[in-house]
Amino acid sequence: MCTILLFVVSAFAKAQDCATLTSPNPLPVENELTWTDEGVAGGYTLMITDSGGVMSEIQRTPSQTFYRPAMGWPENETYTIIVGLREDPADPDPTTLCNAQTFTIGSITTLPGCNMITSPLDGTIDVPLTPLITWSYAPRATEYLLNIGTTLGGNDVLANQLITNGGLSFQITTPLAEGTLYYASVTPRNAVGEAVACNNDSTFTTLINASEVPECTMLNSPMNGEDNVAITPLLTWVPVANADGYRLTIGSSPTASDIVDDIDFGNVTSTFVVDFDEGIKYYVTVTPYNTAGDAIDCTQTCFTTTLGCGPYFDPITGETVDLNPQIILEDSYSFCNNDDPLQLSYTGVGEVFSWIQMVNGAALEISSTRNVTITESGTYRLDVITEVPIEEGIITCDSSHTFTVSVSEAPVIEDLNVSIQNLNVSINVAVSGIGDYEYSIVSPDGPYQDSPVFTNLGISDVEVFVRDRNGCGIDSASLNADIDLGFPKYFTPNGDGINDYWQVRGIVVRGETITRIEVYDRYGKRITSFSPRSMGWDGTFNGRRLLDAGFWYKAFTLSNQVLVGHFALRR
């Protein structure tokens, strides 16, 4: 039978030379139609039209450059075929249509070949009483004779049932007898005659419909009411003679099915259940069934799992029992980068050890012994597994502990960033290093603060201390107020050639070598910066002469000191 289809091709699919037929013409009825492999990614769409104008559309994969109808080609028929090429695997429509080609089917001039029954397969049992009998295509066959009997070669059930038009199946509608062995055979035929010497007889046995529901059963392991059952037990139950299978329900209360909800385990009488919770009473119902129905009102049994690794309260001893490994480690560790790496050890019970470093969210094992050497900051975890013998056997207990490691180094004061506004000095301490630092302007012993910023200091000498909280070192730097005549208290940039520039007198002041000087107005705005070897400042800002006012300076020294003070501009 052919199906009439409407096929719509996208506007850009144009007919062209491609996909040429390679099969013989005329084509024998049992042969496959073949064509050239065009290497397309999506496959092929065949549009085959018979002499009556009926078109069939067939989809083929990229590797399927062949096609034959399931029931073979009808003899003496002429077809026109258009092969469509599908470039896109996700697009069912062809992107290219090949030119139409014509082929014919030859005449049948020889007997058909043999075939086999495909369902029920030979030797199948428990076959339904109204089965569908199917068989494979026999070359050159146009019809088939089906025989079914209760003896080899017999046809007392179905005699010479003719299936025409090359059909490959037959539905039994009259129920067969229960529990009976049947013999089936299919004989291919065509106009020349019947196939010969075909050994294709097949046997099958029908099922037996039970007339009564099975009796109930119950667990025989674990026993009803048993305690200290392993958390992964083997459940077994008593077999029932006429049961086709068993359904299992397990709950954490007599009315619950939260663990296993009426699951069909088939015709078996045991199963493992993995990882029950510890110290819980479970309720189990096993329900046998057959074709007549389920067993009725089957007795529920219960058991209680072992308390396991704990911790749990032992009512006999009155103590808390915890069989898990006890990991005694700190939550955090630190060490200095110029000291030896951090060495940690686990001395408790255990057989399996795993020290883990967390790297970008992934767990990397760095040691599988009791000891570990850590050389860098990060988050770490120790996993310990131990096997504990109990009355019911061996249980596995495990523990984990996560901790952090910080690697520190001594601080280095890179700069004292000074801000001056309205006679108030603020310092922001710039520090380099990988430690956890704290700051003080009182003494090396503190008190210390978390912030590197100090405010409202006034004009006075200040010594800043920075130390690592993990004891890896301390650094200090001084901020000195000007009490030296090396810095003029005023200058008069009026163009008379006298005192027209403000500059330090000499490069060395108070034993410190000046490297750079910065000038600020009273509001803390930086006006200029210059070298002590230059002319100095001429009292202008962006080319504009400033009016009489007071100004602040910061003088930076070679030894990382900062000298501060103020002076006046007088016109």
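Out of all the residues in region 224-254, which are open to solvent by 50 Å² or more (accessible area, probe 1.4 Å) and part of a strand (DSSP E or B)?
226, 227, 228, 234
Does region 538-552 include one or more residues that are surrounded by 12 or more Cβ atoms within 10 Å (Cβ to Cβ), modelled with pLDDT of 90 or more and under 14 Å from residue 487 (Cβ atoms)?
Taking every residue of region 538-552 in turn, none turns out to be surrounded by 12 or more Cβ atoms within 10 Å (Cβ to Cβ), modelled with pLDDT of 90 or more and under 14 Å from residue 487 (Cβ atoms).
Under the condition of being hydroxyl-bearing (Ser, Thr, Tyr) and open to solvent by 50 Å² or more (accessible area, probe 1.4 Å), which residue from region 494-526 is modelled with the lowest pLDDT?
Applying the filter and picking the extreme gives 523.
Only one of 276, 313, 272, 303 is free of Cβ contacts under 8 Å to residues at least 12 places away in the same chain and more than 23 Å from residue 126 (Cα to Cα). Can you tell me which?
The match here is 313.
When region 103-150 is examined, which residues are found to be touching a Ser or Thr at 6+ places or on another chain (Cβ under 7 Å), farther than 21 Å from residue 50 by Cβ and among the β-branched types (Val, Ile, Thr)?
117, 118, 125, 127, 130, 133, 134, 150
Cβ-Cβ distance below 6 Å, separation of 6 or more or different chains: which pairs start in region 384-396 with a residue that is over 9 Å from residue 323 (Cα atoms) and modelled with pLDDT of 75 or more and end on one that is aromatic (Phe, Trp, Tyr) and open to solvent by less than 80 Å² (accessible area, probe 1.4 Å)?
Listed by first residue and then by second, the contacts come to 384/353.
Being surrounded by 14 or more Cβ atoms within 10 Å (Cβ to Cβ) and in contact with a His (Cβ under 7 Å, 6 or more places away or on another chain) narrows it down to one of 416, 382, 342, so name that one.
Exactly one residue qualifies, and that residue is 382.
Can you work out which of the residues in region 38-65 that are hydroxyl-bearing (Ser, Thr, Tyr) and farther than 17 Å from residue 77 by Cα is surrounded by the fewest Cβ atoms within 10 Å (Cβ to Cβ)?
63
Just to be sure before I move on: is residue 436 of a type in the set (D, E, K, R), out of contact with any helix residue (DSSP H, G or I) (no Cβ under 7 Å at 6 or more places or on another chain), at pLDDT below 95 and surrounded by 14 or more Cβ atoms within 10 Å (Cβ to Cβ) in the structure I sent?
Yes: the conditions hold for residue 436.
Out of the residues in region 319-333 that are assigned to a strand (DSSP E or B) and either more than 14 Å from residue 345 (Cβ to Cβ) or among the small types (Gly, Ala, Ser) (or both), state the one that is least open to solvent (accessible area, probe 1.4 Å).
Within region 319-333, the match that is least open to solvent (accessible area, probe 1.4 Å) is 321.
So which residues in region 334-361 are within 30 Å of residue 323 (Cβ to Cβ), among the hydroxyl-bearing types (Ser, Thr, Tyr) and either modelled with pLDDT under 95 or assigned to a loop (DSSP other than H, G, I, E, B) (or both), if there are any at all?
346, 347
Are any residues in region 115-126 part of a loop (DSSP other than H, G, I, E, B), in contact with a strand residue (DSSP E or B) (Cβ under 7 Å, 6 or more places away or on another chain) and either open to solvent by 60 Å² or more (accessible area, probe 1.4 Å) or hydrophobic (A, V, I, L, M, F, W, C) (or both), and if so, which ones?
The answer is 116, 122.
Tell me the residue from 473, 486 that is buried (at least 16 other Cβ atoms within 10 Å of the Cβ), small (Gly, Ala, Ser) and modelled with pLDDT of 90 or more, please.
After applying the criteria, what remains is 473.
Checking the condition among the acidic types (Asp, Glu), open to solvent by 20 Å² or more (accessible area, probe 1.4 Å) and either within 30 Å of residue 113 (Cβ to Cβ) or in a strand (DSSP E or B) (or both), which residue from 297, 262 passes?
262
Within region 141-211, which strands (runs of 3 or more DSSP E) (wholly inside it) include 1 or more residues that are touching a residue at least 12 places away in the same chain (Cβ under 8 Å), more than 30 Å from residue 243 (Cα to Cα) and open to solvent by 70 Å² or more (accessible area, probe 1.4 Å)?
Once the strands (runs of 3 or more DSSP E) in region 141-211 are filtered for at least 1 residues that are touching a residue at least 12 places away in the same chain (Cβ under 8 Å), more than 30 Å from residue 243 (Cα to Cα) and open to solvent by 70 Å² or more (accessible area, probe 1.4 Å), what remains is 158-163.
Conditions tested, residue by residue: (1) at pLDDT below 95; (2) on the phi < 0 side of the Ramachandran plot.
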{"position": "225", "(1), (2)": "yes, no"}
{"position": "233", "(1), (2)": "yes, yes"}
{"position": "243", "(1), (2)": "yes, yes"}
{"position": "248", "(1), (2)": "no, yes"}
{"position": "258", "(1), (2)": "yes, yes"}
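Look at region 455-468 and say how many of its residues are closer than 30 Å to residue 435 by Cα, assigned to a loop (DSSP other than H, G, I, E, B) and either of a type in the set (A, V, I, L, M, F, W, C) or at pLDDT 90 or above (or both).
Adding up the residues that qualify gives 1.
Given the structure, is residue 349 open to solvent by 70 Å² or more (accessible area, probe 1.4 Å) and more than 30 Å from residue 561 (Cβ to Cβ)?
yes
Given the criterion within 27 Å of residue 461 (Cα to Cα), in contact (Cβ under 8 Å) with a residue 12 or more places away in the chain and among the hydroxyl-bearing types (Ser, Thr, Tyr), identify the matching residue among 406, 368, 419.
Answer to the selection: 419.
Can you name every residue in region 37-61 that is out of contact with any Pro (no Cβ under 6 Å at 6 or more places or on another chain) and not in a loop (DSSP other than H, G, I, E, B)?
Scanning region 37-61 gives 44, 46, 47, 48, 49, 55, 56, 57, 58, 59, 60.
Before we move on, is residue 374 surrounded by fewer than 16 Cβ atoms within 10 Å (Cβ to Cβ) and among the β-branched types (Val, Ile, Thr)?
Criteria not met by residue 374.
The values are calculated or read from the model by the stated rules, or taken from the named source; none is laboratory data. Just so we're clear, the structure is a prediction, and the values are computed from it rather than from any experiment. Glycine gets a Cβ as well: all are built from the backbone with ideal geometry, and neighbour counts include every protein chain shown. Keep in mind that these areas ignore ligands, DNA and RNA; they rest on the heavy atoms of the full protein, side chains included. Shrake-Rupley method; radii C 1.70, N 1.55, O 1.52, S 1.80 Å.
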